[in-house]
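> So that we are looking at the same thing, I have put the structure below in structure tokens.
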Amino acid sequence: MSTIYDDLYRLCAPRAKHTIWVFSDLQQGRYENAKRCLDISMRDYLSLGAPAEMIWYLGDSTEGHDLGELERMTAMQEEAFLSLGIPLCYATGNHDYDYAEYCHKNGIASCRMPFYEMVKQHPGWHTTPDVEDTWFKITIGNYCVYFFTDHMARDGSWCSTHNGDRWGGEAYPYTREHFAAIREDMNRWDGPIITASHCAFPGGNRETRLLSCIQPLPVTTRLHLYGHAHIGEYRCPKERVFSQIQWIDWQDIPQIDVASFENIRGSWCRSVLLHIYEDDSLGVFFRNHDEGRFVSAFFPARTSAETPGNYEKRAELSHTPW
């Protein structure tokens, strides 16, 4: 049965100059479970006419430390996403480091991350150039999109996931100044900004510590997209079990929980279709792939500091010490 959100999507889609498919957390330890959930989502996405020009995958592509299973699940997803013929941006999440942690704990000299390694092999697909990097960026239309990633040492001596210490914290190389430099890079962008990562900023579901070091975000930041907190799983978002829209603490910036791409821990196979319209406004459409319908929509507003006559205020807010 068609919903009001299906009708709204059909009205808005022709106005979108850019459409992005955003999801996270397929995150299965068994190939059969991962394939079933991916097949559900792919069939439903194709039923919409495969509308996106890009995929943003926000982490946790796999789970566990069985390297053979991880490689099978990577190959399965690679085949599916390559079939769409569009670029993919990948921000790693905590379960992408499960095998590296297993190796670290068992004295195995390996830091393999099959899905991350696969993404790097494809021209036009995007992730961090190095496992130690904390972020990368792309542009789409007038937007700059900043992806913040989990990260680890090349030799596996330290790792940061959930935007905190996972192991080897005493060797962690990045200071608060490192994250402040990311903010300064954002401040130099003369246009609207979207941010994305596996985890939320403070104020979101399962909020994190390191992301707060980047605050305050420029007021030209329109939206943050994240995964990690599986909607419908009571032990994960807990009291926010069905909360998909929150605001970043201390700032007038909404953040969207897109998790998860599976219906075993989460309640449905979920994703988001993000529209960027001709006037650079945004539309966020939440998709239930199991039932083949849109279940909600959200249209972020510009902040007051972005409107004409507020540029001095915008500059002041963008450089306020936190």
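> So, of the residues in the stretch 190-201 that are surrounded by 17 or more Cβ atoms within 10 Å (Cβ to Cβ) and not polar (S, T, N, Q), which turns out to be farthest from the chain's Cα centre (by Cα)?
Pro192
> Quickly run through the stretch 202-218 and pick out the residues that are within 22 Å of Ser61 (Cβ to Cβ) and among the hydrophobic types (A, V, I, L, M, F, W, C).
Leu210, Leu211, listed by residue number.
> Answer yes if at least one residue in the stretch 66-88 is under 19 Å from Asp133 (Cα atoms) and crowded, with 16+ Cβ neighbours inside 10 Å, and no otherwise.
yes
> Against the condition acidic (Asp, Glu), more than 17 Å from Ala100 (Cα to Cα), modelled with pLDDT of 95 or more and not in a strand (DSSP E or B), how does Asp185 come out, does it pass?
Judged against the criteria, Asp185 is a match.
> Those residues that are among the β-branched types (Val, Ile, Thr) and buried (at least 22 other Cβ atoms within 10 Å of the Cβ), I need them from the stretch 228-275; list them, please.
Ile231, Ile248, Ile253, Ile256, Val258, Val272
> Here's a follow-up. Given (1) surrounded by fewer than 18 Cβ atoms within 10 Å (Cβ to Cβ); (2) small (Gly, Ala, Ser); (3) under 20 Å from Ala196 (Cβ atoms), identify the lone condition not met by Ala13.
For Ala13, the failing item is (3).
> Quick one: which of Thr149, Thr195, Thr134 is farther than 30 Å from Asn106 by Cα and at pLDDT 95 or above?
Answer to the selection: Thr195.
> Does the stretch 1-12 hold any residues that are more than 13 Å from Asn288 (Cα to Cα) and in contact with a strand residue (DSSP E or B) (Cβ under 7 Å, 6 or more places away or on another chain), and which are they?
Hits for the stretch 1-12 are Leu8, Tyr9, Cys12.
> Also, I was wondering about something else. Inside the stretch 138-152, can you point out the residues that are surrounded by fewer than 19 Cβ atoms within 10 Å (Cβ to Cβ) and in contact with a strand residue (DSSP E or B) (Cβ under 8 Å, 6 or more places away or on another chain)?
Residues satisfying the conditions are Ile138, Thr139, Ile140, Gly141.
> Same structure, new question: Do we have Ile108 as surrounded by fewer than 19 Cβ atoms within 10 Å (Cβ to Cβ), at pLDDT 95 or above and β-branched (Val, Ile, Thr) here?
no
> Which pairs turn up if I take residues in the stretch 86-102 that are closer than 18 Å to Ser260 by Cα and look for partners that are part of a helix (DSSP H, G or I) and of a type in the set (Ser, Thr, Tyr) with beta carbon separation below 9 Å, at least 6 apart in sequence or on another chain?
Every condition considered, the pairs that remain are Tyr90/Tyr116; Thr92/Tyr116; Asp96/Tyr116.
> Continuing with this model, one more query. Would you mind stating whether Gln246 is more than 16 Å from Val22 (Cα to Cα), assigned to a strand (DSSP E or B) and at pLDDT 95 or above?
So Gln246 passes the test.
> Which of the residues belonging to the stretch 110-130 are of a type outside the set (D, E, K, R), assigned to a loop (DSSP other than H, G, I, E, B) and either in contact (Cβ under 8 Å) with a residue 12 or more places away in the chain or more than 18 Å from Leu70 (Cα to Cα) (or both)?
Ser110, Cys111, Met113, His122, Pro123, Gly124, Trp125, Thr127, Thr128, Pro129
> Inspect all residues belonging to the stretch 219-239 and state whether any of them is over 19 Å from Asp60 (Cα atoms), modelled with pLDDT under 95 and not in a loop (DSSP other than H, G, I, E, B).
Among the residues of the stretch 219-239, at least one is over 19 Å from Asp60 (Cα atoms), modelled with pLDDT under 95 and not in a loop (DSSP other than H, G, I, E, B), which makes the answer yes.
> Further, regarding this structure: Determine which single condition Ser212 fails, assuming it passes every other condition in (1) among the small types (Gly, Ala, Ser); (2) out of contact with any Leu (no Cβ under 8 Å at 6 or more places or on another chain); (3) modelled with pLDDT of 95 or more; (4) outside any loop (DSSP other than H, G, I, E, B).
With (1) among the small types (Gly, Ala, Ser); (2) out of contact with any Leu (no Cβ under 8 Å at 6 or more places or on another chain); (3) modelled with pLDDT of 95 or more; (4) outside any loop (DSSP other than H, G, I, E, B) applied to Ser212, the lone miss is (3).
The values are calculated or read from the model by the stated rules, or taken from the named source; none is laboratory data. This structure is a prediction, so every number in the text was calculated from the model and none was measured. So basically every Cβ, Gly included, is an ideal-geometry build from the backbone, and we count neighbours across all protein chains shown.
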